[in-house]
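For reference, the structure discussed in these notes is given below.
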Amino acid sequence: MGQPQQPDEAQAGAAAGRPPLGVGMVGYAFMGAAHSQGWRTVGRVFDLPRRPVLAAVCGRDAGAVRAAADRLGWAAAETDWRALISREDVDVVDICTPGDSHAEIAVAALAAGKHVLCEKPLANTVEEAEAMAEAAQAAAERGQVAMVGFNYRRVPATSLARKMVAEGRLGTLRHIRVTYLQDWLVDKEFPLTWRLRKETAGSGALGDLGAHIVDLAQYVAGEPVVGVSALTETFVRERPLLSGSSSGLSAAGGSELGAVTVDDAALFTGRFASGALASFEATRFATGRKNSLRIELNGDNGSLAFDLERLNELSYHDATEPGTHAGFRRILVTEPDHPYLEAWWPPGHGLGYEHTFTHQARDLVHAIADGAQPLPSFADGLQVQRVLAAVEESAEKNSVYTPIAS
């Protein structure tokens, strides 16, 4: 009788027949940590055609990026993203940097023959996003893939909502309303981090939160926004300059002040291609709200609602039922035949925020192995960027209705 199989031997056996897929990540802060969690986990949960390998992570500070590599599970550390792109053990470049560097890194990575995953919003301007979409299209003809990291599409409940809308369970859509509310900027002493500078972030709550809800609404509805009427506001126009480094959404400031050059909140109405009306609100000044995202869709045959703070649930009303017992009911999205749930826990055992990044990695690995273009594509990211640009244009013109450029 042979000796019991050791863990390393078991892992090697499981990996047999699955070629490695080397991943290189640029950036290692909040989103870098979330993406790392997804890459570390995905191959241990899902049966994948290729085996993700965390080859290298990149950051400007040699000591900090080496510490991040050790903490997050990356084999090597680089201080120049060009060096990371040129590594032979990197097949996928995962971009988790501020928006001002997305276009340069993504275009270079695609030109170098790499697959690309880029955090949202795709870029800081429509022009940058157009260049990225063009590069992705050219790369697709060479067999490469490019995807935008709109992770809220990967919540099982929102994926189920999309399926239900596509099946006609709501009938003709009439209304879509979406809010994304946070409060981490309520304190006027919070310092001037990169997220509050237009040259690095592109926009404020609009790009940071609004990009998410525009994409999520278009995804669940299955159609694009075609025009908007908007208001934006910057409530605190000067903040202490950053003293030292920032981590995630926390930082320390000094006594000298600098100008805030992005919006603190964006509020806009819109029209979808079908004629459905929509309302969107994105703010980092909703006191008491930490990460509150909610979407509701109303159709002539029913309604659906999702709340990120209850992310294992959908609220569904079937208007075709008799009124005597009709009403909203809770769907617990934890069944093995719900999206992504086949690999997780028994029914009733909920998932969390971090699992969306595992699902994102899963979908990208399958797309690469299948030679299929993943969604959301860079073209989808460009369309969201055009909506954000129309919101800014409308707000600058006293809320005039502004069609989305095509």
**OP:** May I ask you to list the residues in region 126-166 that are polar (S, T, N, Q) and surrounded by fewer than 18 Cβ atoms within 10 Å (Cβ to Cβ)?
**Re:** Gln137
Original post:
So which residues in region 169-185 are open to solvent by 10 Å² or more (accessible area, probe 1.4 Å) and not in a strand (DSSP E or B)?
Top reply: Arg169, Gly171, Thr172, Gln182, Asp183, Trp184
Original post:
For Met25, are the conditions met, namely being under 22 Å from the mean Cα position of the chain (by Cα) and surrounded by fewer than 24 Cβ atoms within 10 Å (Cβ to Cβ)?
Top reply: no
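Here's the yes/no breakdown for (1) more than 16 Å from Ile213 (Cβ to Cβ); (2) not polar (S, T, N, Q):
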position	(1), (2)
Gly288	yes, yes
Ile295	no, yes
Asn298	yes, no
Asn301	yes, no
Asp307	no, yes
Asn312	yes, no
Ser315	yes, no
Original post:
In region 193-205, which residue that is surrounded by 21 or more Cβ atoms within 10 Å (Cβ to Cβ) and either part of a helix (DSSP H, G or I) or aliphatic (A, V, I, L, M) (or both) is farthest from the chain's Cα centre (by Cα)?
Top reply: Leu196
Original post:
Going through region 29-52 one residue at a time, which ones are surrounded by fewer than 22 Cβ atoms within 10 Å (Cβ to Cβ), under 13 Å from Val365 (Cβ atoms), in contact with a Phe, Trp or Tyr (Cβ under 9 Å, 6 or more places away or on another chain) and of a type outside the set (Ser, Thr, Tyr)?
Top reply: Val45, Phe46
Subject >> Condition met for Arg386 (among the basic types (Lys, Arg), under 21 Å from Leu117 (Cα atoms) and open to solvent by 40 Å² or more (accessible area, probe 1.4 Å)) >> reply: yes
**OP:** Hey, can you tell me all the residues within region 250-300 that are touching a residue at least 40 places away in the same chain (Cβ under 8 Å), part of a strand (DSSP E or B), charged (D, E, K, R) and open to solvent by 40 Å² or more (accessible area, probe 1.4 Å)?
**Re:** Arg271, Glu281, Arg294
**OP:** For Trp345, work out the one condition from (1) touching a residue at least 12 places away in the same chain (Cβ under 8 Å); (2) open to solvent by 80 Å² or more (accessible area, probe 1.4 Å); (3) not in a helix (DSSP H, G or I) it doesn't fulfil.
**Re:** (1)
**OP:** Name the residue, out of Ala69, Ala62, that is exposed (fewer than 14 other Cβ atoms within 10 Å of the Cβ), over 30 Å from Thr125 (Cβ atoms) and of a type in the set (A, V, I, L, M, F, W, C).
**Re:** Ala62
Subject >> Residues of region 301-338 satisfying the condition of being surrounded by fewer than 16 Cβ atoms within 10 Å (Cβ to Cβ), among the aliphatic types (A, V, I, L, M) and outside any strand (DSSP E or B) >> reply: Ala319, Ala326
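The values are calculated or read from the model by the stated rules, or taken from the named source; none is laboratory data. Being a predicted model, the structure only gives us computed values, none of them experimental. As a convention, Cβ positions derive from the backbone with ideal geometry for all residues, glycine included, and neighbour counts pool all protein chains shown. Just the protein is used for accessible areas: all its heavy atoms, side chains included, with ligands, DNA and RNA removed. Shrake-Rupley method; radii C 1.70, N 1.55, O 1.52, S 1.80 Å.
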